[in-house]
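Peer 1: The structure follows.
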Amino acid sequence: MAGWLSRPASETQVTHGQRLWLYILAGIIMLLLVAPTLIVIPMSFSDSTYLEFPPEQWSTRWYDNYFGSLEWRSATVTSLSAAFLTMLLATPLGVVAAYGLHTSQMRAARLTFVILITPMMVPLILVAIGAFYVYVKLKIVYTLAGVVIAHSLLALPLVLIVTSSALKSYDMNQEMAARSLGAPRWKAFLTITLPQIRFAVITSALLSFLTSFDEVVVAMFVSGGDNSTLTRNMFNALRDQIDPTIAAISTIMIAITTLLMTLAQVFGKTKEGG
Amino acid sequence: MRDSLTDTATEALPITIRGVTKTYGRVHALDDVDLDIRSGEFLTLLGPSGSGKTTLLMVLAGFIRPDRGSLRFGDDEVIRLPPHKRDLGMVFQNYALFPHMTVAGNVAYPLRLRGISKAEAAERVEKALETVQLGGYGARRITQLSGGQKQRVALARAIVFEPRILLMDEPLSALDKKLRERMQIELRHLHDKLGMTTVYVTHDQREALTMSDRIAVINHGRVMQIDTPSRIYDHPANRFVADFIGESTFLPVGRDGPVVAYEGQPLSYTDTPPSGDLVLMIRPERLRILTGEAREANRFEATVTDIVYQGDSYLMYARLADGAEVAVRGVIRSTTFSALPEVGGSVTLGLDPEDTVLIPAGDAPDE
Amino acid sequence: MSEAALPMAAAATHADDLRRDARREQLALFGLASPALLLVMVVLVIPVGWLFYLSFIGADGSFSLENYERMFDSKSYRRIFWTTFEISFLTTGICILIGYPLAYFLAQLPRRAANLCLITVLLPFWTSLLVRTYAWLVLLQRKGLINEWAIDLGLWDEPVKLAHNMTGTVIGMVHIMLPFLVLPLYGSMKAIDRDYLRAAANLGAGPVRNFWTVFLPLSLPGLFAGALIVFVLCLGFYVTPAVLGGGKVIMVSMKIASNIELFVNWGAASALGVVLLAATLVILFTAARFVKLDRLAGGGH
């Protein structure tokens with residue numbers, strides 16, 4: 001230990017000992033980043049209405065409460081459906097657009113790219129009330145379709161950016177080789193290009209799913225009634241009082257997110273291996 | 001004698017290029033190119049980078065659409081045909097193998113597209129791999145191959161469906177020198193065996209001279225000369241070709257009817273020189289150091305300025321009376337190197353009439 | 001004769017056909033982006049354009065600047081803008097103070113350890129914002145964990161009001177924004193060529209001097225990009241201040257929402273929206289002159 005402390009830590013010959021303050025500070029920051037989220041998990045198993053930590057009495061009553069509530073269940077189904085459909089809509093839309101803009105030599109391609117990533121630059125509240133207004137006119141406000149379309153709009157820039165950067169590092173000569181060997185362009189894309197940017201496509205899909213699943217502000221305006229999303233209900237519940245059921249739902253959401261991100265990592269690893 | 005990957009022989013096709021022009025902004029990548037490629041020949045497009053040779057190959061493949069022009073494979077006009085309908089094999093500079101497929105998967109890809117049955121495809125893949133000396137490598141992954149092996153797989157993939165035309169874009173440039181030289185000979189043998197019309201792009205003149213039936217020298221989007229390697233080397237049509245291929249020195253000559261003279265000394269030559277202003281092209285290995293009165297060679301008095309030992313040969317630099325510097329290359333045998341004159345000494349150089357090549361003074365065909 | 005020869009020549013060189021083919025191919029490829037473009041146009045560009053129009057329509061239905069006049073005259077609106085900027089500046093500032101040492105620490109670690117520590121940044125990044133806001137609400141409330149532990153440790157005697165005010169809002173927002181700053185900053189620090197530091201050390205620069213004169217300036221573009229993302233996101237933030245502010249902290253987004261939800265006043269909401277959008281775009285475009293916009297957009301991911 002003492003040896004490690006006096007060893008140089010960087011190019012500038014500062015020792016680990018002299019750096020100790022940085023390590024401690026970074027440790028505290030990292031703890032503060034992770035702990036608040038993770039602390040919700042044990043709390044959700046507390047028997048008390050005042051979320052205790054550590055819980056004195058363990059119970060699953062808040063999970064029973066959640067699974068027993070028709071409203072929560074229905075909202076969960078809405079959120080999962082919306083997220084799944086958003087993934088199915090935004091991913092192909094974004095991938096195909098990224099490919100088109102990547103291969104088209106038109107001058108408008110650059111500008112179009114910027115237009116297509118505006119949804120991530122415009123404040124969410126504006127997207128929300130704008131979509132709300134259009135949906136009232138189109139009579140799709142408070143429908144699942146409406147939520148999916150709006151969430152696809154928000155997921156589109158992520159898909160576009162992730163896929164475009166994958167295409168930039170992909171060797172287009174391979175697609176040309178496939179075409180010279182007799183494949184029409186669409187077939188060359190499907191059999192040669194797509195399998196090689198698959199990691200980016202899968203990542204895009206997962207990001208689209210999460211974007212929709214976690215989204216609050218737009219859902220506040222365009223979802224409602226039977227098609228209220230989980231986040232919308234959670235948000236409304238939070239404004240009123242601190243319902244421990246939310247802790248149970250939060251735990252479930254953390255689990256889903258962690259699962260998806262682990263999946264993305266696993267797919268990433270297989271790509272490196274193969 | 002031609003062989004085929006299967007028993008049914010396919011015919012090679014001639015390629016006719018007429019008036020093909022491609023501009024990028026104001027730059028002429030291809031400037032009204034006319035070119036006839038004979039059926040079954042190995043033709044090399046040779047030129048410096050940016051000359052338009054790769055652009056021309058991409059036009060043949062269908063990846064670059066020219067502004068205008070006509071392109072025929074045999075009797076069929078193909079200029080508007082998309083790449084996948086041109087039915088030609090192509091080998092790319094960086095191989096462009098599909099890393100997510102095995103070697104066999106790569107080679108079978110064009111067969112799969114053509115709806116060939118699995119059994120027949122497997123047979124033809126193996127045969128193609130054997131042709132490029134990679135028999136039994138089918139199950140390997142692309143990442144497990146060396147550069148030379150990748151090159152062979154790319155080649156197998158391009159010939160397995162028996163295209164009548166094979167295009168290659170600097171396929172050997174990524175290999176080291178020894179392997180490159182071996183592959184050059186192998187490729188040439190393969191061409192002789194399969195007999196397809198082959199268009200080969202390179203910037204390496206030695207490669208072009210080694211492999212080709214004919215070479216088309218390209219510069220500024222135009223064909224500077226198209227001829228056999230020896231004609232290109234020995235009788236360049238213009239100064240650009242002479243300069244680009246091999247080493248050479250150019251001496252200004254005066255012309256008066258049939259008499260061509262350098263520094264007032266008439267030159268003897270064998271080939272009828274072209275019309276217009278001329279220069280005398282001298283290749284270092286064609287100059288000899290004269291000792292005593294040698295035959296009818298043209299004689300040049302010079303002063304030795306430098307001598308460079310190069311192992312298998314020597315290079316001697318000498319200044320002529322008018323200040324022009326020429327190089328003389330000679331093979332080193334046991335006695336010759338020590339017998340060379342001293343730097344600063346005077347020397348008489350001889351050039352045989354049949355090596356006395358007079359070419360147009362201009363840089364391009366129509367200048 | 002010559003008139004007849006011209007089209008013949010054109011046919012032989014296929015010039016017109018080739019031009020047509022080229023245009024068709026370009027349009028087909030470009031057309032692949034059209035479904036996405038349609039989505040953005042219909043759900044974003046046209047509605048926002050319409051909001052822009054609405055912001056100039058007065059209560060009587062004719063063109064007027066009254067929505068903007070009210071916004072700049074009214075004390076409560078001025079306070080909302082002030083709050084919004086105050087929170088955005090505070091959050092960005094604290095994020096820089098906390099995020100820089102963290103990114104610096106991460107950038108010094110060997111690859112394996114860095115990836116492991118990065119999980120602590122990525123995990124909250126991917127966790128629902130609502131969940132994280134909720135977590136802070138639980139921790140910061142009167143009988144929450146923070147107050148409980150602080151009293152146990154003797155830091156303070158009475159429960160301190162940490163949630164439902166500015167303090168809570170800023171704490172929650174810093175937690176949510178920190179990854180947006182750390183990730184691009186870490187990326188730019190990793191990209192710094194270590195040879196510069198060795199060279200400076202060789203030339204006699206001590207560690208402290210080396211940091212201030214070499215490392216810090218080279219990491220500034222990443223810091224700038226990260227801070228900018230954080231600031232712009234803060235300006236339009238809604239969920240965290242709404243929950244942790246407990247109705248006492250009102251930012252522009254919240255006012256827009258309440259204008260629609262409670263008062264159905266589209267004119268007022270639109271005018272606020274236009275100002276918010278304008279502020280965001282001005283910042284982004286000014287930044288785009290210094291940092292590549294792609295990088296900015298992709299910086300968080």
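The values are calculated or read from the model by the stated rules, or taken from the named source; none is laboratory data. Here the structure is a predicted model, which means the values were calculated and not measured. All Cβ positions, even for glycine, are placed from backbone atoms using ideal geometry, and neighbour counts span all protein chains on display. To get the accessible areas, we keep the full protein, side chains included, count just its heavy atoms, and leave off ligands, DNA and RNA. Shrake-Rupley method; radii C 1.70, N 1.55, O 1.52, S 1.80 Å.
Peer 1: Counting Lys and Arg as +1 and Asp and Glu as -1, what is the net charge of the other residues whose Cβ lies under 13 Å from the Cβ of B:Ala302?
Peer 2: -2
Peer 1: Now for a different question. About its Cα centre, how strong a charge dipole does the protein assembly as shown have in debye, to the nearest 20, once Lys and Arg get +1 and Asp and Glu get -1 at the Cβ?
Peer 2: Value, rounded to 20: 2460 debye.
Peer 1: Considering only C:Leu178, C:Ala114, C:Thr286, whose Cα is most displaced toward the positive end of the charge dipole of the stretch C:77-297, charges sitting on Cβ of Lys, Arg (+1) and Asp, Glu (-1)?
Peer 2: My answer, from the dipole projection, is C:Thr286.
Peer 1: Oh, and also: Residue by residue through B:37-47, how many Cβ atoms from other chains fall within 10 Å of the Cβ on average?
Peer 2: Mean inter-chain Cβ contacts per residue within 10 Å come to 0.
Peer 1: Provide the per-residue ³J(HN,Hα) series for the stretch C:69-85, in order, calculated from phi with Karplus coefficients 6.51, -1.76, 1.60 and θ = phi - 60°, each as a whole number of Hz, with x at glycine and proline positions.
Peer 2: Those phi angles translate into 4, 4, 4, 7, 7, 5, 5, 5, 5, 4, 5, 4, 5, 4, 4, 4, 5 Hz.
Peer 1: With a cut-off of 8 Å between alpha carbons and a minimum separation of six or more residues, what is the relative contact order of chain B in percent?
Peer 2: It comes to 17 percent, rounded to a whole number.
Peer 1: Another question, then. With Cβ to Cβ distances under 10 Å as the rule, what net charge do the other residues near B:Arg288 carry (K, R +1; D, E -1)?
Peer 2: Residues close to B:Arg288 contribute a combined charge of -2.
Peer 1: Over all residues in A:96-105, what is the mean tally of Cβ atoms on other chains that come within 10 Å of each residue's Cβ?
Peer 2: 6
Peer 1: Okay, next question. List the longest stretch of chain C that has no exposed loop site; here a site is one of the chymotrypsin sites (Phe, Trp or Tyr not before Pro) assigned by DSSP to anything other than H, G, I, E or B, with at most 15 other Cβ within 10 Å.
Peer 2: C:1-155
Peer 1: For a quick check: with amide H placed at 1.01 Å from N, whose amide H comes under 5 Å from B:Asp31's, ignoring anything fewer than 5 positions away on the same chain?
Peer 2: B:Lys22, B:Arg222
Peer 1: Let me ask something else about it. What share of the DSSP beta bridges in the protein assembly as shown is antiparallel, in percent to the nearest 5?
Peer 2: Just about 75 percent of them are antiparallel.
Peer 1: Here is a further query. Over the stretch A:70-273, what is the relative contact order in percent, taking alpha-carbon pairs closer than 8 angstrom and at least six residues apart?
Peer 2: Relative contact order comes out at 34 percent.
Peer 1: In percent, how large is the relative contact order of the stretch C:135-272, given Cα pairs closer than 8 Å and 6 or more residues apart?
Peer 2: Relative contact order, the stretch C:135-272: 26 percent.
Peer 1: How many square angstrom of accessible surface are buried between A and B, both sides summed, with a 1.4 Å probe and rounding to 100?
Peer 2: In total, this chain pair buries about 1700 Å².
Peer 1: Out of all DSSP beta bridges in chain B, what portion is antiparallel? Express it as a percent rounded to 5.
Peer 2: Restricted to chain B, the bridges split so that about 75 percent are antiparallel.
Peer 1: Still on this structure, please answer the following. If you project the alpha carbons of the protein assembly as shown onto the principal axes, what extent comes out on each, in Å, largest first?
Peer 2: Extents along the principal axes: 120, 77, 64 Å.
Peer 1: Within the stretch A:137-178, list the trypsin sites (Lys or Arg not before Pro) lying in a DSSP loop whose Cβ has at most 15 other Cβ atoms in a 10 Å radius.
Peer 2: Passing sites in the stretch A:137-178 are A:Lys139.
Peer 1: Could I ask something else about it? Alpha carbon centre of the stretch A:163-217 versus the stretch C:144-193: separation in Å?
Peer 2: That distance is 39 Å.
Peer 1: I've got another one for you. Trypsin sites (Lys or Arg not before Pro), restricted to the stretch B:267-367: which are DSSP loop and have at most 10 other Cβ atoms within 10 Å?
Peer 2: Hits after loop and neighbour filter: B:Arg295, B:Arg333.
Peer 1: Counting only protein heavy atoms and a 1.4 Å probe, tell me what percentage of the protein assembly as shown's accessible area is made up of carbon and sulfur.
Peer 2: Answer for the protein assembly as shown: carbon and sulfur cover 60 percent of the accessible area.
Peer 1: Next up: Using +1 at the C-beta of Lys and Arg and -1 at the C-beta of Asp and Glu, which of B:Phe300, B:Leu145, B:Ala237 has the Cα lying farthest in the positive direction of the dipole of chain B?
Peer 2: Of the candidates, B:Leu145 comes out farthest on the positive side.
Peer 1: Counting only other chains, what is the mean number of Cβ atoms within 10 angstrom of the Cβ of each residue in peptide B:317-326?
Peer 2: 0
Peer 1: Can you list the residues of the stretch C:82-102 that have at least 40 square angstrom less accessible area with all protein chains present than in their chain by itself, probe 1.4 Å?
Peer 2: Residues shielded by partner chains are C:Pro101, C:Leu102.
Peer 1: What residues qualify as long-range amide H neighbours of B:Val91, i.e. H under 5 Å apart, gap of 5 or more or another chain, H built at 1.01 Å from N?
Peer 2: Distant-sequence amide H within range of B:Val91: B:Leu167, B:Met168, B:Asp169.
Peer 1: Moving on. Per-residue HN-Hα couplings for the stretch C:226-236, Karplus 6.51 cos²θ - 1.76 cosθ + 1.60 at θ = phi - 60°, whole Hz, x for Gly and Pro?
Peer 2: Residue by residue, the stretch C:226-236 yields x, 4, 5, 4, 4, 4, 5, 5, 4, 3, x Hz.
Peer 1: For a test of the definition: using alpha carbon positions, the gyration tensor, and the 1.5 limit on a/c, classify chain A as rounded, prolate or oblate.
Peer 2: oblate
Peer 1: Expressed as a whole number of Å, what is the distance separating the alpha-carbon centroids of the stretch B:306-345 and the stretch C:55-96?
Peer 2: Spelled out, the Cα-based centre of one part sits 87 Å from the other.
Peer 1: With r defined as the distance between the Cβ atoms of A:Leu38 and C:Lys248 and R0 fixed at 30 Å, what FRET efficiency is calculated, to the nearest 0.05?
Peer 2: 0.60
Peer 1: Further question: How large is ³J(HN,Hα), in whole Hz, for each residue of the stretch C:29-41 in order, when computed from phi with the Karplus curve 6.51 cos²θ - 1.76 cosθ + 1.60 and θ = phi - 60°, using x for Gly and Pro?
Peer 2: Rounded to whole hertz, the list is 5, 4, x, 4, 7, 5, x, 5, 5, 4, 4, 5, 5.
Peer 1: So which GluC sites (Glu not before Pro) in the stretch C:67-163 are both in a DSSP loop and have at most 14 other Cβ atoms within 10 Å of their Cβ?
Peer 2: Of the GluC sites (Glu not before Pro), not one in the loops of the stretch C:67-163 has a Cβ with at most 14 other Cβ atoms within 10 Å.
Peer 1: Where does the charge balance sit around B:Thr336 when Lys and Arg score +1, Asp and Glu -1, over other residues with C-beta under 15 Å from its C-beta?
Peer 2: Residues close to B:Thr336 contribute a combined charge of 0.
Peer 1: Would you be so kind as to identify which of A:Pro157, A:Val95, A:Val266 lies farthest towards the positive end of the dipole of chain A, taking Lys and Arg as +1 and Asp and Glu as -1 on Cβ and the Cα centre as origin?
Peer 2: Of the listed residues, the answer is A:Val95.
Peer 1: Express in whole angstrom the spacing between the alpha-carbon centres of the stretch B:63-141 and the stretch A:1-79.
Peer 2: For the stretch B:63-141 versus the stretch A:1-79, the Cα centre distance is 56 Å.
Peer 1: Between A and C, buried accessible area summed over both sides at probe 1.4 Å, in Å² to the nearest 100?
Peer 2: By this definition, chains A and C bury close to 7400 Å².
Peer 1: Which helices of chain B meet both criteria: a Cα extent of 15 Å or more along the helical axis and a mean Kyte-Doolittle score no lower than -1.0, with helices taken as whole DSSP H segments?
Peer 2: Qualifying helices, which must be both long enough and hydrophobic enough, are B:103-113, B:118-131, B:147-159.
Peer 1: Quick one: order B:Asp169, C:Asp60, B:Asp76 from most to least accessible surface, probe 1.4 Å.
Peer 2: Sorted by accessible area, descending: C:Asp60, B:Asp76, B:Asp169.
Peer 1: For A:Thr15, what residues show an amide H to amide H distance below 5 Å, using hydrogens built from the backbone and excluding near sequence neighbours?
Peer 2: Amide H to amide H, under 5 Å and 5 or more residues apart or across chains, A:Thr15 pairs with A:Ala9.
Peer 1: What order do you get for A:196-205, A:175-184 when each peptide is scored by the mean count of other beta carbon atoms within 10 Å, highest first?
Peer 2: A:175-184, A:196-205
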